[in-house]
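Following: one structure in structure tokens, then a few remarks.
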Amino acid sequence: MRTYLAFCKKEFQENWRTYRLLSMIAVFVALGIMNPLTAKLIPTLLNGMDMGGVILEMPDPVALDSWAQYFSNISQLGMLALIIVFCGLTANEFAKGTLINVLTKGLTRHTVILAKFTVASLIWTLSYLIAFGVTWAYTIYFWGYETLPHIVVTFISPWVFGLLMIGCLMLGGIAMSGIYGALLAAGGVVIVLNLLNLSPAVHRYNPVTLAGGTYGLLAGTSTPGDFIPALWICAGATVAIVVGCVLTFDRKQL
Amino acid sequence: MDILRIENLSKSFGKHQVIDGISMSIPEGSVFGFIGENGAGKTTTMKMALGLLSPDAGEIFVLEEKVRFGMTKTNRHVGYLPDVPQFYPFMRPREYLRFCGEIVGLSPAQITRRSQELLDLVGLGETNKRIGTFSRGMKQRLGVAQALINSPKLLICDEPTSALDPVGRKEVLDILRQISSTTTVIFSTHVLSDVERICDRAAVLHQGHIVLEGTLSELKDRHGSSGLAVEFSHPSDTHRFCELVPQRLIAQRTETEVTLSTTDEADERRVLKLLAKHDILPVKFEAIAPSVENLYLEAVS
């Protein structure tokens, strides 16, 4: 526990001093502001554009449009920011050899993995909560308070998918000892899951549907049952990947 | 007691056999020079002793406790200075030592005291800038400090001086010499003058085998002298001497001094008899002690 806390402290310090934490917060605050603002402004912008005589009848924006933007942005820009910020999470340590000094002092390898996963997850959680909070606050400001149905399943899903991405980045970084390995692992998983999603029968079980698909719960086109199996699979896969990180690192010659 | 004992250790990477059944033991209290050319397998051997690499065969013991790959408990006795120590560039030296101290389980008070001692020892006591801005020499000195944070009984240094300028090299060697009264030091190098400067024992690793091992004085005795320096007061004596002595022995000659390359004591006795027989009186007759360089070249040839 002592070494775990010491390594977590080092991770926080690293994320703070290398501006990773600030970058994540800045991107997710911007996302939070962008979602309701885009929803609010798009109809005005489109109405003001010269469409060559074609008249577009844009309905007045509603709160649901803001949430549509939220899920679209989180699943694309949000995940991209997460991957860019954390692609060096384990990869940099191996590429630079910074773990040698501490591992030869008795720090266990699984402590490194657990501490890194903990801190990256906390930063992701904080960033995600900020984006959610800012979007919600502005949505209420523009359109008034509305109850969000199935709030837990709806909003926990992209967060769990983010944890899966962190696990993939870590495993790729350890297995291939570099940033490209981390990117390959995370990118590869996203591509494979998207290819699998071509089959509608897989949707219920495919973690990638969690990234932005739960908007349907707010729009009333889906039910929580459509996402629960994927949520369990995604959470299970994340745990399995973290265990995989520990086992891979334990066998790695340095 | 031996601080480190290696028995029949082998390691290959793919088809390349790096270490081929080496055995050696290092007693406590020595400064041990582990000599070998680049790629000889010095780092591989050291990393196996630290549990960072897994041996194909053989065993390593630190204070009679077996080293295991991965998480080895023997590292509580060991400090390690990699050839190019890597640090977190965003930290300051004191923060890095605090982090290391927390990992080895020192109390906050111990960390503060030990950090100050070590930073003073390596000449970084007044430095408070981020490690990312450090020169190579400063990083090497901080590397020594972090390796000593847990007051190890054994300090393993991998080519601690090879990348440093002469001043940096002297500083690091002085630090190693300074700590050798309390800590056994093993350092790998291909800089033979460094071995000569601070080591009392050495081993030469060549093509995966230990080809020479012992105390420096033992090795030098075992290999006898490598030559003689004979000086005369008159050039005529030099000339006479050079005509009498077997030509194969003459390595270098000046007006009044001749350097002979001898292979054993018999050669040297013969030269002495020759001088007496022909009544040539030298002003200097000196056995040239073999240098580590001679021993090394002899061992690997």
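The values are calculated or read from the model by the stated rules, or taken from the named source; none is laboratory data. What you see is a predicted model; the values in this text were computed from it and never measured. Methodologically, a virtual Cβ is constructed for each residue, glycine included, from the backbone with ideal geometry; neighbour enumeration extends over all protein chains shown. We work out accessible area using only protein heavy atoms, side chains counted, and drop any ligands, DNA or RNA first. Shrake-Rupley method; radii C 1.70, N 1.55, O 1.52, S 1.80 Å.
Tabulated data
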quantity: Given (1) in a helix (DSSP H, G or I); (2) within 13 Å of another protein chain (Cβ to nearest Cβ), index of the condition residue B:88 fails; calculated: (1)
quantity: Selection count, segment A:80-127, where residues are open to solvent by 10 Å² or more (accessible area, probe 1.4 Å) and within 16 Å of the chain's Cα centre (by Cα); calculated: 12
quantity: Subset of segment B:99-113 [surrounded by fewer than 22 Cβ atoms within 10 Å (Cβ to Cβ) and more than 7 Å from every other protein chain (Cβ to nearest Cβ)]; calculated: B:106, B:107, B:108, B:109, B:110, B:111, B:112, B:113
quantity: Residues of segment A:139-169 satisfying the condition of being within 27 Å of residue A:83 (Cβ to Cβ) and without any contact (Cβ under 8 Å) to a residue 60 or more places away in the chain; calculated: A:151, A:152, A:155, A:159
quantity: Residue identified as in a helix (DSSP H, G or I), free of Cβ contacts under 8 Å to residues at least 24 places away in the same chain and either in contact with a helix residue (DSSP H, G or I) (Cβ under 7 Å, 6 or more places away or on another chain) or open to solvent by 50 Å² or more (accessible area, probe 1.4 Å) (or both) among A:67, A:16; calculated: A:16
quantity: Selection within segment A:92-112 - touching a Ser or Thr at 6+ places or on another chain (Cβ under 7 Å) and in a helix (DSSP H, G or I); calculated: A:94, A:95, A:111
quantity: Answer residue from segment A:198-238, given it is within 19 Å of the chain's Cα centre (by Cα) and in a loop (DSSP other than H, G, I, E, B) and is farthest from residue A:81 (Cα to Cα) among those; calculated: A:227
quantity: Helices (runs of 4 or more DSSP H) fully within segment B:218-301 counting 2 or more residues that are touching a Lys or Arg at 6+ places or on another chain (Cβ under 8 Å); calculated: B:235-244
quantity: Lone qualifier among B:189, B:238, B:259 - being in the same structural domain as residue B:17 (by TED's automatic domain parsing) and either touching a residue at least 24 places away in the same chain (Cβ under 8 Å) or surrounded by 20 or more Cβ atoms within 10 Å (Cβ to Cβ) (or both); calculated: B:189
quantity: Filter pass, residue B:36 being touching a strand residue (DSSP E or B) at 6+ places or on another chain (Cβ under 8 Å), buried (at least 21 other Cβ atoms within 10 Å of the Cβ), of a type outside the set (Ser, Thr, Tyr) and modelled with pLDDT under 90; calculated: yes
quantity: Hey, residue B:91 touching a Leu at 6+ places or on another chain (Cβ under 9 Å) and open to solvent by less than 30 Å² (accessible area, probe 1.4 Å) or not; calculated: no
quantity: Residue in segment A:43-60 that is under 27 Å from the mean Cα position of the chain (by Cα) and either of a type in the set (A, V, I, L, M) or open to solvent by less than 60 Å² (accessible area, probe 1.4 Å) (or both) present; calculated: no
quantity: Selected residue (criterion: nearest to residue B:1 (Cα to Cα)) from residues of segment B:43-63 that are of a type in the set (Gly, Ala, Ser), open to solvent by 30 Å² or more (accessible area, probe 1.4 Å) and more than 8 Å from chain A (Cβ to nearest Cβ); calculated: B:58
quantity: Any hit, segment A:40-61, residues being of a type in the set (Lys, Arg), over 29 Å from residue A:115 (Cβ atoms) and assigned to a helix (DSSP H, G or I); calculated: yes
quantity: Residue count for segment A:152-170, restricted to those that are over 12 Å from the mean Cα position of the chain (by Cα) and either buried (at least 24 other Cβ atoms within 10 Å of the Cβ) or on the phi > 0 side of the Ramachandran plot (or both); calculated: 1
quantity: Residues satisfying the stated conditions in segment B:5-33, i.e. open to solvent by less than 60 Å² (accessible area, probe 1.4 Å) and of a type in the set (D, E, K, R); calculated: B:5, B:11
quantity: Number of the exception - residue B:40 against (1) away from chain A (no Cβ under 11 Å); (2) within 21 Å of residue B:172 (Cα to Cα); (3) among the hydrophobic types (A, V, I, L, M, F, W, C); (4) part of a loop (DSSP other than H, G, I, E, B); calculated: (2)
quantity: Verdict on residue B:292 being within 35 Å of the chain's Cα centre (by Cα) and closer than 13 Å to residue B:227 by Cβ; calculated: no
quantity: Complete set of residues in segment B:64-76 that are open to solvent by 30 Å² or more (accessible area, probe 1.4 Å) and either assigned to a loop (DSSP other than H, G, I, E, B) or away from every other protein chain (no Cβ under 14 Å) (or both); calculated: B:64, B:66, B:68, B:69, B:71
quantity: Yes/no for residue A:57 being of a type in the set (Asp, Glu), without any contact (Cβ under 8 Å) to a residue 40 or more places away in the chain and within 28 Å of residue A:99 (Cβ to Cβ); calculated: no
quantity: Conditions (1) in a loop (DSSP other than H, G, I, E, B); (2) more than 19 Å from residue A:103 (Cβ to Cβ); (3) open to solvent by 10 Å² or more (accessible area, probe 1.4 Å): number failed by residue B:141; calculated: (1)
